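What follows draws every value from the coordinates through simple rules; no lab data is involved. Everything numeric in this text was worked out from a predicted model, so none of it was measured. Ideal geometry is used to build each Cβ from the backbone, glycine not excepted, and the neighbour counts take in all protein chains shown.
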Amino acid sequence: MIQPVLTRRMHKLVLCLLPVAFAACNGASDEVPPTAAPPTLASDWFEYSPAPAYSGTTRLPAEYITMSDGTQLSAQVMLPTDADGQAVEGPLPVILTQTGYNKSASGYVEGFAFNRFLVEHGYAHVAVDVRGTGASQGTWEIFSEREQLDYREVMDWIVEQPWSNGRVGTWGPSFMAITQIYTAAWQHPAHQAMFAIVPMADAYRDIVFTGGQVNVGFIPLWIGLVTGLGLIPAHPSPEALSTLVDHLQGTVSYDLPVILQATLGIGGQNYDGPFWRTRSPIEVADQVRIPTVIVGGLRDIFQRGEPMLYEAIKPHATTKLVIGPWTHLDASSGAGLPADGVPDLNHMALLWFDRYLKNLDNRAESVPAVTQYVWNEDRYVRSADWPHPQARAQRWFLRGDGALTPELPATDEPSRHTVQIPVQNLCSASSAQWTAGVLELIPLPCFQGQNTLNELPLLGAVTYTTEPMDTDYYVNGPMQADLWLASELGSDGSVAVRVTSVSPTGESFELTNGLQTFSTRQTNPQRSRLLDGESIQPWHPYTAESVEPVAPGESTHVAVEIFPSSFVIPAGHRLRVAIASSDFPHGLPPVTDLLDQVLGIMRIDSQAARPSSIVLPVVPVDALGREVGAAG
């Protein structure tokens, strides 16, 4: 079975590298979906497969929606057709997708901007290019306040259309999921439900400046994608040429300077502040009041923020969280579903929208609050909440001899050292993750999670490993490494932390990772997450005022946020913490900081007075809900 899978994935890679076909990466699964298993628990997924209400779809001619400032946004509507192939007159419940990826670009409309499956089940689907993208006028300013106001005005327009019954749900992955959070925050009375697939929460911490470093893997790819798709001719209009000029001017005068300033460490964009707060949906997520599904991935670019959005919304509305073993591309389509009784994303969305847009009593609200894939268990597990209600904090100490133990180190244990190199871990699961899954499509073990190569001392890695586990060890949630570090030659430093599972044969599989610059180490205890009195998810301000100088050779406590995951270390396997001085292309310090770090020597202290350690959220194995007699 390996060769056919690789062949399909390589075909997918070719499509992904062609901008006009980008959403072919997000289409339906290649597998023939089996029938979902009936529920075995009071709260479980169940089969929901009503027959399509209509046999086909059609798209109406594209049209413009005029915003309150006069800017025109391009919109197009897909409607179901009757037996004669004519558009159904309606009115119908409406699915809205607001995109920055040019709804009209040929080769991917059906798979990305529109959802034919939902339309055939009795919905109208509206796709809108946000301002400054696709065929819409204006300048794209990356989720600006003006763009967010557009989202509300688009809702106003929808409820006035003859094909609309005034009940609207929002749907879509990535960019189109981010726009949903902002739209829902307006609490428009027509907005009744949303299905947000891989949405961002915190622009600065999730993706752009993880650990205070520029994400050079994804950000250039993303800006290039939005800009490139905006240059593809869409529906003809007298305004087409001026719209194209607006887009180019916006890229040159706005988007590129923002990224360039951040990379160079000038203009203040390399620090958190109003600019990044405006562009962080987590800032408004607590204003959402509609039933919501959040879909995320254990290796998604928004791995950190997806469960945090769930946390922010759940006190105010019925909310579900689904996390798969996915990078960004695979998560966008829910690759591999249905599996373990969990339906594919289209059937999930149909269940959700039929309940909350059509008021069908289909028990959508009864599905599990959290459905999460667990590494090494290799299946989806249901739980009552996130973070896991049964999680308890356990601290493991990094020892001078490379061991990882629950016991504190002795007073005189040796420190360990590695060279500060800014481009370590090039071939890794992290590289695949932070290029949105594009590199994962290359059939090399290092891009699939195999981390053994990166842990060779010759490549600068320092590892700390437990003894083989006596019993299965289940971890679920965010993690924190508390490291005592020094830069012996430089005036700053960076640290990358990987958590891996080591098999009895010595193969190391990457589970999750974290990244942190020494000088931006300051934390805000009031905003950090605690578990059993232990800080398990540090919150760093990342402001210019919070920067703390690093004295060469001086040991400093650095709290590293390790992004949340769910995994089992099976009995006989070992838990490993691998430390390096960088994680490229996930992060590269701004040029002003890079000059302070390059070719220094990082020292990792492990003594009683400076006990480097990691805190994990450990969950009882019986919470995995295994069948009697099953093992990990």
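Details
- Protection proxy ranking, peptides 294-305, 276-287, average beta carbon neighbours within 10 Å, highest first: 294-305, 276-287
- Convex hull volume of segment 108-200 per residue (C-alpha atoms, cubic angstrom): 104
- Charge dipole (debye, nearest 20) of segment 60-180; +1 at Cβ of Lys and Arg, -1 at Cβ of Asp and Glu: 240
- The packing ranking of peptides 359-367, 73-81, 383-391, highest mean first, is 73-81, 383-391, 359-367, where packing means the average number of other beta carbon atoms within 10 angstrom of each residue.
- Its Cα gyration tensor gives segment 522-590 an equivalent ellipsoid; the semi-axes, largest first and in whole Å, are 26, 19, 13.
- Segment 379-441, dipole about Cα centre (Lys/Arg Cβ +1, Asp/Glu Cβ -1), debye to the nearest 20: 280
- Net charge of the neighbourhood of ALA312, taken over other residues with C-beta under 15 Å away and scored Lys/Arg +1, Asp/Glu -1, is +1.
- Normalised convex hull volume, segment 45-158, alpha-carbon set, Å³ per residue: 128
- Over segment 315-397, the Kirkwood radius and the radius of gyration, each from Cα atoms, give a ratio Rg/Rh of 1.03.
- Selection from GLY400, TYR380, PRO422 lying farthest towards where the dipole of segment 377-430 points positive, charges on Cβ: TYR380
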